[in-house]
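Since the structure comes first, as structure tokens, the remarks are kept for the end.
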Amino acid sequence: MKTVLNKTAKFVACALLAGGMVQSAQAANWLMLQGTEPTDSAPRAKVWGFIQAQYQSDSSTPNAGQGYIPPKLIGPDFTTQETFNINRARIGVRGAGMPLDSKVNYFFLAEFGNNGITAPDGGSAKITDASITLNHIKGAKVRVGLFKTPGSEEVYQGIMIFDYVNFTNYAAQQLIERVPNQNYTANISPQTLPIGTSLNGFEDSVGAARDTGVQVFDTFKMGNWEHSYSVMMGNGNGLNTTDNDSNKDTYLYWSSELVYGGQGARREGMKFFAWSQSGKRLLDNTNDSTHNPVAYDRKRSGAGVAYLKMPFRARFEYNKADGMIMVGPQSATFDMNPAGAPGNGENGTASAYYLDVGYYVPGTNWEIDGRYEVYNRLEGDQFETEWVTTTIGAQYHLNKKTRVSFNHEMRDVEAIKFATGAGPNAQVDGIDARTSVQLTHIF
Amino acid sequence: MKLLHVKQMLLLCMAVVAMFSMSAHAAKDFADVKVVLQISDPNPMKQTLVLNVANNLIKHYGQDRVDVEIVAFGPGLRLLFAENSNKDRISSLAGNGVRFSACSNTVKAMSKKLGYAPELNSNAKTVPAGVVQIVDLVKKGYTLVKP
């Protein structure tokens, strides 16, 4: 099964490569687009946002006992294999509070959709961004507050123009951070349908690739090249705006882009980027009544290249994770083997790469997308798991702000040190294709 | 005799330089079409729009046959701030003979609010009052357009 899927995945990826690829938002300067406003032409308050309504269907099969694990169900609720959802519904306001003074600008955004940001908190609204940028020092803009942390292009880009319905498996598991619970929380076993016990063992919102802190950044133009840097320090506590320990996260980011032309999110260019994030997380992983959390290192890093020149786009990223490896929302212990000695998640490593290509079909409103991802989780561990996913997609642009996205993800997951059907494979063997349709409207 | 020639040459050069520097802000007396564009709106989209209109006029009539002056006052004066994100477009239009006038009254009022005088685009010429400048130009036969 795995071999056939791998071959299919590789064939589709190669076919897309051979045929040319994508369009869309690949080589934009997200540091500046998200953190600053156009000088002396920013509004006092620009209201904006977007809505994403979707339908997803998962064709995975349950284990021998008819039990399901989260990858076989549709998030964030993990209660069904097919559902409509308002995945994202965000509204925000940004601008310069005193338009005469372009040295100060702000950015505010809140989430009303049903996803990992809102669902753990009961499905209500949640502030995702609230920041103020000071542009007084040339070469060192200062952004303060809650906002996206510079990192992997896949999650750092403005999500409203993300070319797929779902993140890569690596991004969904290791970059969209699950903040550890305050107290020890046991893993949740596979559940039969209808779900009796929630398969999400985490109490807080996902980190959403955001943090509260201070960032120093800027961009420098040199001919057709644009070089950007960012240094940030934050709480390392996701969307929680206060810290839960004295450890701070540090975030480093660099990009150099050859700009071909255009502006904003759809600017054409070829961008090279590298980044790293490091911090510590408190995790109480001893099954007793004592609150005795331990601080574990959490490091993430990556590098990649993004290219956009109509009608083609392409992106490649290689990412590494060291520590606090999330092995599923049902495993708040960060441990795939809670029966054994604890520690394979919190001290483990993971790595992944993906190639994403696209082609905007000339003379039409259609865009064709293809993505191939290989992700190794808990490398070297007995429970090392390989995720190979090929996604084929198409997008139809009704206008510049509205599009329909069609995705079909072919997933193959295997615990490589176990035989088929044995150990973790009893659960992951059945992970199969996921199909989705999503309507996005930006306003 | 030679000294006289040198002096004459120097004077001639100075006169030519002076003429060129004046021409950047001088009306095109022989233009067929004369338009004054008003920007007094805080909406940043109006900044783009007024520059687009000026550009379209130049493209349609030709640089030598249309005389365009953009008068900025009130909240619209931000267009003529030195670091405005449209400064490259302003420079390009100025190169095509478009004149930019900044209202001194607005500059004074903004200076009070900011605590310092805003630096203006080098292509902008200050006029005592933006609205008076528009009235005077209309009297001279300019068509007023407020995009």
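Quick note: the coordinates plus some simple rules give every number you see, no bench work behind them. Remember, it's a predicted structure, so these values are computed and weren't measured experimentally. All Cβ positions, glycine included, derive from the backbone under ideal geometry; neighbour counts span all protein chains shown.
Annotations
- The order of the peptides B:127-136, A:393-402 by mean Cβ neighbours within 10 Å, most packed first, is B:127-136, A:393-402.
- Cα gyration tensor, segment A:26-184 - rounded (a/c under 1.5), prolate or oblate: prolate
- Long-range HN-HN contacts of A:Ala208 with modeled amide H, under 5 Å: A:Glu177
- Ordering of B:49-55, A:353-359 by packing is A:353-359, B:49-55, highest average first (other Cβ atoms within 10 Å, averaged per residue).
- Between A:Thr290 and A:Arg266, the FRET efficiency from the beta-carbon distance, with R0 = 35 Å, is close to 0.05.
- For segment A:375-443 versus segment B:82-147, the inter-centroid distance based on Cα atoms is 57 Å.
- Of the three principal axes defined by the Cα atoms of segment B:32-145, the extents in descending order read 43, 30, 23 Å.
- Note on chain A: with a GNM built from Cα contacts shorter than 10 Å, the maximum mean-square fluctuation among A:Gln215, A:Gln66, A:Gln56 falls on A:Gln66.
- Cα-based reach from A:Lys417 at 30 Å (exclusive), listing lysines while leaving out same-chain residues under 8 positions away: A:Lys2, A:Lys7, A:Lys10, A:Lys72, A:Lys280, A:Lys299, A:Lys320
- For the peptides B:106-118, A:102-114, residues were scored by their other Cβ atoms within 10 Å and the scores averaged per peptide; the highest-first order is A:102-114, B:106-118.
- With 10 Å bins from 0: P(r) over segment A:59-143, alpha-carbon pairs, percent: 15, 28, 21, 17, 11, 5, 1
- Peptide B:110-123, shielding by other chains (average Cβ, 10 Å cutoff): 1
- Distance (nanometres) between label positions extended 7 Å along Cα→Cβ at B:Ala27 and A:Leu398: 5.2
- Partner aspartates and glutamates whose Cα lies under 16 Å from the Cα of B:Lys112, excluding those fewer than 8 positions away in the same chain, are identified as A:Asp101.
- Average partner coverage of A:321-333, which counts Cβ from other chains inside 10 Å: 0
- Distant alpha-carbon pairs in segment B:63-116 (separation over 16 angstrom), percent: 46
- Nearest-0.05 FRET efficiency for A:Arg44 and B:Glu119, computed from C-beta distance (R0 22 Å): 0.55
- Relative counts (whole %) of C-alpha pair distances in segment A:142-217, using bins that are 10 Å wide: 15, 36, 32, 14, 3, 0
- Expressed as a whole percent, the proportion of Cα-Cα pairs in segment A:358-415 lying more than 20 Å apart is 44%.
- Each Cα pair under 8 Å and six or more residues apart adds its sequence gap; the mean of these over the residue count of segment A:2-442 is a relative contact order of 18 percent.
- For segment B:90-147, the gyration tensor built on C-alpha atoms gives an oblate shape. Its axis ratio a/c (a ≥ b ≥ c) is at least 1.5, and a/b is not larger than b/c.
- Phi angles across segment A:91-100 convert, under the Karplus curve 6.51 cos²θ - 1.76 cosθ + 1.60 with θ = phi - 60°, into 3J(HN,Hα) values of 9, x, 9, 8, x, 10, x, 10, x, 5 Hz, Gly and Pro given as x.
- Here each label is just a point 7 Å from Cα along the line to Cβ, and for B:Lys140 and A:Ala274 those points are 5.9 nm apart.
- For segment B:38-147, the relative contact order is 31 percent, taking Cα pairs closer than 8 Å that sit 6 or more residues apart in sequence and dividing their mean separation by the residue count.
- Integer Hz, Karplus 6.51/-1.76/1.60 couplings in order for segment A:157-165, x for Gly and Pro: 5, x, 5, 5, 10, 4, 7, 10, 7
- Taking θ as phi - 60° and the Karplus parameters 6.51, -1.76 and 1.60, the scalar couplings of segment A:175-190 work out to 9, 7, 5, 9, 6, x, 5, 5, 10, 3, 10, 5, 5, 9, 6, x Hz in sequence order, x denoting glycine and proline.
- Anchor A:Lys400: lysines whose Cα lies under 25 Å away (excluding residues fewer than 8 positions away in-chain): A:Lys46, A:Lys148, A:Lys271, A:Lys309, B:Lys46
- Cβ-based charge dipole, the protein assembly as shown, positive-most Cα from A:Ala96, A:Leu31, A:Ser57: A:Ala96
- Across peptide A:32-45, the average count of Cβ atoms from other chains found within 10 Å of a residue's Cβ is 4.
- Along the axis of the charge dipole computed for chain A (Cβ charges of +1 for Lys and Arg, -1 for Asp and Glu, origin at the Cα centre), the listed residues A:Gln215, A:Gly158, A:Ala265 are led at the positive end by A:Ala265.
- A:Met32/A:Ser57 FRET efficiency (R0 41 Å; Cβ-Cβ; nearest 0.05): 0.60
- Hull-based mean projected area of the protein assembly as shown, where the convex hull spans the alpha carbons, in square nanometres: 33.8
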